[in-house]
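Below is one structure; the comments refer to it alone.
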Amino acid sequence: MTGAGGAARRGAGGHASPEASDFLSEGWLEALRVSLAAWPDDAARSDPRKAESYWRYVERKRSAFEGAFALGIRGVPGRGDGPVYVALRFSGGTCAAVELVEEERVDDEVTLGLVCDYADWLEIVGGYDVGKAMTYHRLPLAVGTALDLLRIVYFVYELLGVMAGVPADYPSPVAA
Amino acid sequence: MGQAIVGDGPTVPTLEREGGCGMAAQPQQSVEGVGDEEISQSDLEGFSKIHIDEVIEYVNSGLRAIPPPLDLYRRYLRQRWDVYELDFTQDRIDWSERMTDDERDVFQRVASGFHHGERNVEAELPTFMMGADEEDKVFISSHLEDEARHTVFFDRFFTEAVGLDEGSLMDVLDASYEFRSNAGPGVTGLLSYVSDELVKDPYNPRNRVRYATIYHLFIEGVGALSTMKITLGYCRRRGFLPAYYKGFTATCRDEARHVQYGMGFLQDSIRQAPALAEDVYEMLRTILDMNSANGNQASFEALGLNTEEVRRFNIVQLTRKLADVGIPLPSDLQDVINRMYPEVTGG
Ligand SMILES: [Fe+2]
Ligand SMILES: [Fe+2]
């Protein structure tokens, strides 16, 4: 992907904001859970591209979703080549847990999963549009079917946005 | 110059002709003044005299007897047009000096969705070719070239008429992306997932029917026609943007081949395996559920159509396409269709 380039500002060099935790650490997972509990906040709701009907859709999906959505990120420095999955478990309309799931167990534990490369995730964190990443095959399905995704797509889109917005100290990408 | 669109044309039909909207009507006579034959034979210049409603009717009238893929391919060879023949000089003047801020705002919002739609249907089509019959592959190759040409058409429109900075095709796509009115990838962006699934199992008839439902039936057969109606109706009424008018009307004629092929594919598939109708329904339910989030398509009034007219136009087109596929409409789906928001997308 091109066009973002801001990812390094959030770490990948040790300059994260003071409240940032190491990416994928317990502190970061907890910060993500807290963000999800407060979401959607006023800033999210003020986006002119998201109408009332959009939020009604998202709310409807959140209330009905019983299971776990996960994003797998491949090639996180220090964590091997395979994806590390961040799973968001929902029940009764709230996020009950945020946890890491091993790749071998993801089919059993996750209802719907997408996956991306670490470099692409850093671009998304830096502002690259999640919708474009989805369009350009940068966030392919890892668990579930295309229809499963389409049935809750804006809910997933929002979850990815919340995840990208949690301050983190990102490790520098390993030079190829 | 821009006035030529109206001035040289035949009787200018009213936009209400479809918008009104003969929901169940299947007009026997598709056009007033201009026949299907004239649309079929027109060169690029000739499109300045043809009203978009007549071409939309041409799309639908062709569905009564769908030609086989190789006949559609031969038609493509006759109808192919050169996107580099268009001259956007007058369009640039109209855009910068004659259109109002409101008109520009709505127009670029609608055109941006189509710019990306064209790119997305171009990029995702090869997966559908993989599991197709050999005759179908030949037609699909022409369909793919059409979509590439449509992508270049919008690239030229956004750089030469709107005045976005030139650059790579992706640079211009990124710039026009900023105009879109909804968050998320949109229905054409989500083709990526449907085509990823098809790649894994390209002969699977259920995958193929779902793909043709979102791609040919919904994006091309419903969403695209509304964008054409909104923007081309505006150009004709105001006498603006002559190159856009000619190129996008020619694009609409190309869509006739795509939609006819797609509806033919769905008809054949369901004739052979009637249970596949369920896959059409399920894909449509899902798309319309996504559509329920689309409440802020703002207003199209600056371009002369109100939201309700666009919405009703979508409903008519969707109902017609399902009738053309020859499958009954379950009542739950009819209810959802009746409530749908305007779907202004395409490719
Ligand atoms: Fe098309
Ligand atoms: Fe197209």
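Name the residue, out of B:217, B:191, that is within 10 Å of another protein chain (Cβ to nearest Cβ), buried (at least 17 other Cβ atoms within 10 Å of the Cβ), within 15 Å of ligand 2 (Cβ to nearest atom) and closer than 18 Å to residue B:118 by Cα. Break it down stepwise before answering.
Values: B:217 fails: within 10 Å of another protein chain (Cβ to nearest Cβ).
Unique residue meeting the criteria: B:191.
Screening residue B:236 on (1) of a type in the set (D, E, K, R); (2) under 16 Å from the mean Cα position of the chain (by Cα); (3) away from chain A (no Cβ under 14 Å) shows it passes everything except condition (2).
In the stretch B:84-111, the qualifying residues are those that are within 20 Å of residue B:223 (Cα to Cα) and touching a Leu at 6+ places or on another chain (Cβ under 9 Å), and the one that is nearest to ligand 1 (Cβ to nearest atom) is B:110. For the stretch B:93-102, the tally of residues that are charged (D, E, K, R) and surrounded by 18 or more Cβ atoms within 10 Å (Cβ to Cβ) stands at 1.
Before we move on, is residue B:208 more than 14 Å from chain A (Cβ to nearest Cβ), away from ligand 1 (no atom under 12 Å from the Cβ), surrounded by fewer than 24 Cβ atoms within 10 Å (Cβ to Cβ) and assigned to a helix (DSSP H, G or I)?
Working: more than 14 Å from chain A (Cβ to nearest Cβ): no; away from ligand 1 (no atom under 12 Å from the Cβ): yes; surrounded by fewer than 24 Cβ atoms within 10 Å (Cβ to Cβ): yes; assigned to a helix (DSSP H, G or I): yes.
Answer is no for this residue.
Pairs are defined by a Cβ separation below 9 Å, a sequence spacing of at least 6 or placement on different chains, a first member in the stretch A:85-108 that is farther than 20 Å from residue A:63 by Cα, and a second member that is loosely packed, with under 12 Cβ neighbours inside 10 Å and among the basic types (Lys, Arg); the pairs so defined are A:85/A:105.
Taking residue B:263 as the residue in question, decide whether it is closer than 24 Å to residue B:193 by Cα, more than 14 Å from every other protein chain (Cβ to nearest Cβ), of a type in the set (A, V, I, L, M) and in contact (Cβ under 8 Å) with a residue 40 or more places away in the chain. Walk me through how you get there before you give the answer.
Numbers: closer than 24 Å to residue B:193 by Cα: yes; more than 14 Å from every other protein chain (Cβ to nearest Cβ): yes; of a type in the set (A, V, I, L, M): yes; in contact (Cβ under 8 Å) with a residue 40 or more places away in the chain: yes.
Taking the combined requirement at face value, the residue satisfies it.
Once the stretch A:21-54 is narrowed to residues that are over 16 Å from the mean Cα position of the chain (by Cα) and buried (at least 18 other Cβ atoms within 10 Å of the Cβ), the residue that is farthest from residue A:171 (Cα to Cα) is A:51.
Those residues that are surrounded by 23 or more Cβ atoms within 10 Å (Cβ to Cβ) and not β-branched (Val, Ile, Thr), I need them from the stretch B:36-53; list them, please. Scanning the stretch B:36-53 gives B:47, B:51, B:53.
Values quoted throughout were computed directly from the atomic coordinates according to the rules given, and no laboratory measurement underlies them. This structure is a prediction, so every number in the text was calculated from the model and none was measured. Here Cβ is always computed from backbone atoms with ideal geometry, including for glycine, and neighbour counts include all displayed protein chains.
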